[in-house]
């Protein structure tokens, strides 16, 4: 049986041939892959978001496509369309770019709410419905959506229901000086993505995803996750706290993270490490807190510091 840790480390090593100095981000994307979750990358242009998505798809031997969001993008431009075939006198479905393993949705907040909502069914149920007919998406299926945090003109902010569909919100950030120097050296000639080879296929991934379910979570950690979620819902600085879907996301992601680290059980550090990436984008500040210049991140860090963990039942 393939080890989750060995499989994921192999993928991460291959991706790092293209993406320099971002091992922690790659690791979190691997967590999402094992959980069948989706990622929102909020970052400035030019830091390697597209290359990251392509590198993971190539490493897995999967299909990759990119959708560039604009205000005139229609739902059928993503999901596909049924076209009448005069020769056969019936409608033929022409699949859209969503029928891939990894879909990069670039600048998702530039698409209209109607087009954004076309992703909801696909992200939650891994299927799309066109003209009343449901089509299953390939597995694995990962949406990697990006948005630029400094440009707001001509954008449509994602509603809470859409944000809640993303397992994590991440930011790659700028590389360090040493990493950027190494990057320039790598790009002296042809881009390393052109030489990247598949090192795995999708076959064992479904088995690895099922293995994640078997990672042990102590009863005290069940309670800890629930207390964290309830603390966000009762916090006076937040007008919207974490949903039950957020609790489940934190639970499942902690199992995947433990497996990647080679453990058969979750520890409190796993939950605390993942909570900012999983919970922050699901929280909504109250108007008073916004006026005081507070941030979701700061409020969540205070909650993490205040919510107690009962170590009594952890072996």
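Here, each number is a calculation from the coordinates, and none is a lab measurement. Just so it is clear, the model here is predicted, and its values are computed rather than measured. Backbone-built Cβ (ideal geometry, glycine too); neighbour counts: all protein chains shown.
Report, in deg cm²/dmol and to the nearest 500, the calculated mean residue ellipticity at 222 nm for the chain, where each DSSP H run with n ≥ 4 adds -39500 (n - 2.57) and the sum is divided by the residue count.
Computed ellipticity for the chain at 222 nm equals -13000 deg cm²/dmol.
Is region 159-315 rounded, prolate or oblate when judged by the Cα gyration tensor, a ≥ b ≥ c being the square roots of its eigenvalues, rounded requiring a/c under 1.5 and prolate requiring a/b larger than b/c?
Oblate shape, in that a/c is at least 1.5 and b/c is the bigger or equal ratio.
Please compute the length gained on full extension between residue 24 and residue 304, using 0.36 nm multiplied by the number of residues separating them and subtracting their Cα-Cα distance.
98.7 nm
Answer rounded, prolate or oblate for the chain, using the Cα gyration tensor with square roots of eigenvalues a ≥ b ≥ c: rounded when a/c is under 1.5, else prolate when a/b is larger than b/c, else oblate.
Here the chain falls in the rounded category.
Note the full-extension length gain between residue 294 and residue 199 as 0.36 nm times their separation in residues minus their Cα-Cα distance, in nm to one decimal.
29.7 nm
Using label points projected 7 Å from each Cα along Cα→Cβ, tell me how many nm separate residue 240 and residue 180, to one decimal.
For the pair residue 240/residue 180, the computed spacing is 3.6 nm.
Using Cα pairs under 8 angstrom and six or more residues apart, how large is the relative contact order of region 251-315, in percent?
Once divided by the residue count of region 251-315, the mean separation gives 22 percent.
Modelled label-to-label distance, residue 9 and residue 156, 7 Å Cα→beta-carbon offset: nm?
4.5 nm
Report the residue, chosen from 16, 290, 107, that carries the largest GNM mean-square fluctuation when the chain is represented by alpha-carbon nodes joined by springs under 10 Å.
Ranking 16, 290, 107 by mean-square fluctuation puts 290 first.
Rounded to the nearest 0.05, what FRET efficiency do residue 223 and residue 87 have when you use their Cβ-Cβ distance and R0 = 51 Å?
For R0 = 51 Å, the calculated efficiency reads 0.20.
So how do 190, 12 line up by other beta-carbon neighbours within 10 Å, fewest first?
Exposure proxy ranking, most exposed first: 190, 12.
For region 79-225, what does the alpha-carbon gyration tensor say about shape, rounded, prolate or oblate, given a ≥ b ≥ c as the root eigenvalues, a/c under 1.5 as rounded, and a/b over b/c as prolate?
rounded
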